[in-house]
Amino acid sequence: MTLYPSYARPTTLADAVALLGSLSAGGVVIAGGQELMPSVNHGVLAPQVYVDIGGLGELRGIRETAEGVLALGALTVHRELQTDPLVAARLPLLAHAATRAGGGRQVHNRGTLGGNLVAQHPLYDLAPSLLALAAEVEWVTCDRTVRQPLALMLADSRHGLGTNAILTRVLVAPMAEGLGWAYEKLKASGGAYGSANAAAIVQLHEGVIASVRLVVGAVAERLIDASDVAAERLVGRRFDPGAGEELARAVAARVTTPLSDAQGDGAWRRAMAGVVARRAVATAITRAGRA
Ligand SMILES: Cc1cc2nc3c(=O)[nH]c(=O)nc-3n(C[C@H](O)[C@H](O)[C@H](O)COP(=O)(O)OP(=O)(O)OC[C@H]3O[C@@H](n4cnc5c(N)ncnc54)[C@H](O)[C@@H]3O)c2cc1C
């Protein structure tokens, strides 16, 4: 006898986390389903109960909090990140990164920010920028609410929230005036995913690099926060071809276990990590210069 999974669509966050808590590992959160349903269709996952969070108003909307931070609801879709005026003005790096996600309009209109981050897919496009922006995430279970750096969530195993938690919001401080930023996505194939990508944020002082954040993705199982490497090579210097070359070499050296898949083999991906890092920093510097 085939047992079909059940489906629940709670209307409040409290009901949703109570249900998940009672189901233990048998329940699976579904938001846009753009990541989850392919996994089910390919037999990777076989949930007993789908808990559809699409009806939870608490997870929608983009607003500024009293502490001056932008709170992005977990159900925010790529299209909203691309078009929301507050995101465009305060988090242009994230707005731009959202335009680079593949999959076309259907994915952009259904795929959610929360699903994109919880999936922890190494080739996805939103996490590098959010990590460079030092974003925080908030998640809720039936007995607690946790706010933690996104970096901590991403350092955990895949689906790091556990099976009974719902990611509710992503919290990001607005980018300061005058910062330069860039998101580079290198695509070797006609598909959606990049072979290497990099998010950079740079601050200049009289043409000299005062600070730099740099995160590289799509080249290893986990994102590489190369801000330390970049700061060591670049802070206090002007960006010239020599500095760019040094940076590219140092970033490539950080890719100790590169991915080798349809997006390219490991040795090439390692080299491309350096290339996108250099390009992202160069573009961010140009933008900072204009600002
Ligand atoms: C053809 C195609 C091309 C794509 N190309 C790209 C691309 O180039 N770049 C890119 O970044 N993305 C890409 N995507 C992925 C897409 O952006 C993600 O699938 C999407 O953002 C995930 O969101 P979702 O709402 O569909 O998540 P779902 O599929 O609903 O969920 C994904 C995972 O997260 C969990 N989950 C979801 N929301 C929550 C929450 N709030 N709290 C706790 N757990 C949660 C689910 O249980 C599941 O494990 C592509 C997808 C497709 C289908």
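All of the numbers you see were taken from the coordinates with simple rules; none came from a lab. The structure displayed is predicted, hence computed values, not measured ones. A quick note on method: Cβ atoms are made from the backbone with ideal geometry, for glycine too, and the neighbour counts reach across all protein chains shown.
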### Query
Ranked highest first by the average count of other Cβ atoms within 10 Å around their residues, in what order do 255-262, 41-48 fall?
255-262, 41-48
## Note on the structure
Most exposed first, judged by fewest Cβ atoms within 10 angstrom, Leu133, Leu72, Leu214 run Leu133, Leu72, Leu214
### Summary
In whole Hz, the Karplus estimates of ³J(HN,Hα) for segment 272-285 (6.51, -1.76, 1.60; θ = phi - 60°; x where Gly or Pro) are 5, 4, x, 5, 5, 4, 4, 5, 5, 5, 4, 5, 4, 5
### Query
Relative to the first principal axis of the alpha-carbon coordinates of the chain, what is the inclination of helix 241-254, with its axis defined by its Cα atoms, in degrees from 0 to 90 and to the nearest 10?
40
### Summary
Here the gain from full extension of Val40 to Ser211, 0.36 nm per residue of separation minus their alpha-carbon distance, amounts to 57.2 nm
### Phi-based couplings in Hz for segment 28-41 (Karplus 6.51, -1.76, 1.60; Gly and Pro marked x)
10, 6, 10, 10, x, x, 6, 9, 5, 5, x, 5, 5, 4
#### Entry: Filtered GluC sites (Glu not before Pro), segment 192-234: DSSP coil and at most 14 other beta carbons within 10 Å
Glu206, Glu221
### Summary
Mean separation of Cα contacts under 8 Å (at least 6 apart) over the residue count of segment 180-290, i.e. the relative contact order in percent, is 34
### Message
Eigenvalues of the Cα gyration tensor times 5, then square-rooted: what semi-axes does that give for the chain, in whole angstrom, largest first?
### Response
35, 22, 15
### Summary
Full extension between Ser24 and Arg147 adds, at 0.36 nm per residue less the Cα distance, a length in nm of 42.1 nm
### Task
Could you grab the relative contact order for segment 92-245? Cα pairs under 8 Å, six or more apart, rounded to a whole percent.
21
### Query
Once you wrap a convex hull around the alpha carbon atoms of segment 58-172, what is its projected area averaged over all directions, in nm²?
6.9
### Message
So for the chain, averaging the separation of alpha carbon pairs under 8 Å that are six or more residues apart and normalising by length, what relative contact order in percent results?
### Response
16
#### Entry: Nearest-ten-degree value, helix 13-23 long axis tilted from longest Cα axis of the chain
70
### Query
Under the rule of -39500 (n - 2.57) per DSSP H run of 4 or more residues, summed and divided by the residues of the chain, what mean residue ellipticity at 222 nm is obtained, to the nearest 500 deg cm²/dmol?
-11000 deg cm²/dmol
